[in-house]
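Student: Below are the structure tokens for one structure; questions will follow.
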Amino acid sequence: MGQPCCTERDGRALGDMRSQFQPLDARVVQRVEVAPGLLRFCLAWRSANLAPKLLPGEHLKVFAKNLVGEVPGQWCGKADPELGQPLICRRYTPIASGEAWHDILVEVITKTRASPDGGKFSRYAQTLDIGDTVSVSGPHGLYSYGGKNRFQRRAPFSGTEEVVSPSHVAMVASGAAVTTVIRLASAIAAESPAFSPPTMWLFLATDSVEAAAPHRKVLEGLVERLGPSRIRLSYTLGQLGSTCSSGRDPHAGREIGSAERLSYKLERQGSTPQAGHRSAPQGWPYAVGDLTDLLASAELPPTPSGSGGSSSKRLVLTFGSPATKKLCEDIPRSSGTVLWHWNDELDD
């Protein structure tokens with residue numbers, strides 16, 4: 001549980017966050033299947049005072065009763081790290097919020113997709129109906145967007161913050177992590193040009209056209225409204241994958257990994273063939289291939305220039321699995337690039 005404090009953080013009294021780590025009951029007031037395998041839930045609290053207050057980029061933890069796999073001690077063919085725990089929790093960044101409610105998107109992982117058990121929370125979510133009670137805590141996360149072009153990283157335990165106000169921000173995400181990108185992009189898009197909001201460069205991957213549909217509707221709306229001077233959208237239909245494809249450095253004659261290939265690309269801003277080799281399905285106007293190829297082929301934010309102050313920096317944000325972080329972690333820092341992995345979690 002958070003410690004009471006009379007100081008302020010981002011306009012919120014830390015004393016008001018006394019239930020940050022204590023789950024409180026919310027009620028399901030809406031349940032919609034927005035696409036095959038994608039459920040949207042509206043979770044509401046009895047009053048605005050009880051609802052978690054989140055800055056853009058922060059997330060909720062939603063709790064459920066633990067389950068036992070088809071094979072004792074395993075889940076989906078691997079040792080179950082949650083074995084013996086009475087409850088499990090999953091993290092969700094709301095896609096919309098009000099004074100006393102938050103909307104979350106839950107990706108349903110079926111037994112067919114992940115044999116033989118499917119997703120633990122997916123199985124719980126599929127049983128939820130309007131009127132059911134769900135246990136939720138928040139806000140959580142070390143990273144947030146404080147408005148006025150202030151990206152914030154809070155040091156665990158001490159509460160001190162690092163703030164970056166970049167001229168360009170790249171966001172790299174795949175799968176369900178795209179939800180956090182939408183939340184941040186929407187917040188930045190809503191701000192006045194007087195606050196010098198950064199140009200957004202979005203590099204996103206999805207494993208199906210259907211799963212991307214609700215995300216595309218929001219993001220393409222932002223692109224249409226803001227134009228290329230404020231936001232660039234690059235999408236690919238494919239997986240990040242557990243291993244990344246490698247390329248050959250023509251200048252050194254040696255095999256290089258995906259992260260180094262991206263680093264090389266960032267420094268030289270050269271052009272390479274478009275991502276993917278498979279043909280795009282009907283109605284998909286973007287690339288086909290994995291996220292590694294997309295990053296290697298897409299136009300990337302320009303290298304910062306000037307004195308090197310925070311406003312001249314290029315901020316690269318990665319979301320989701322550690323593999324996404326690994327993809328970008330070798331970007332040279334000396335060029336004025338700051339790299340944050342949004343899913344680093346040490347606040348509880």
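The values are calculated or read from the model by the stated rules, or taken from the named source; none is laboratory data. This structure is a prediction, so every number in the text was calculated from the model and none was measured. Reconstructed Cβ throughout: ideal geometry from the backbone, glycine too, with neighbour counts over all protein chains shown. Calculation scope for accessible area: heavy atoms of the full protein, side chains included, ligands and nucleic acids excluded. Shrake-Rupley method; radii C 1.70, N 1.55, O 1.52, S 1.80 Å.
Student: Can you give the FRET efficiency to the nearest 0.05 for Glu33 and Thr303, using r as the Cβ-Cβ distance and R₀ = 41 Å?
Tutor: My answer for the efficiency is 0.40.
Student: Let me ask something additional. Taking 0.36 nm per residue of sequence separation and subtracting the Cα-Cα distance, how much length would be gained by fully extending the chain between Glu70 and Lys326, in nm to one decimal?
Tutor: Separation in residues times 0.36 nm, less the Cα-Cα distance, equals 88.9 nm.
Student: With both bridge residues required to lie in segment 118-230, what share of the DSSP beta bridges run antiparallel, to the nearest 5%?
Tutor: Among the beta bridges of segment 118-230, antiparallel pairing accounts for roughly 50 percent.
Student: Now for a separate question. Can you pick out the pairs among Lys61/Lys326; Lys148/Lys313; Lys61/Lys120 whose Cα atoms lie more than 21 Å from each other?
Tutor: Pairs exceeding the cut-off: Lys61/Lys326.
Student: Mind ranking Leu83, Leu204 by accessible surface for me, highest first, 1.4 Å probe?
Tutor: Heavy-atom accessible area, descending, gives Leu83, Leu204.
Student: For the pair Ala96/Ala79, report the inter-label distance in nm, with labels modelled 7 Å from Cα in the Cβ direction.
Tutor: 4.4 nm
Student: Extension gain Ala155-Arg123, at 0.36 nm per residue separation less the Cα-Cα distance, in nm?
Tutor: 8.0 nm
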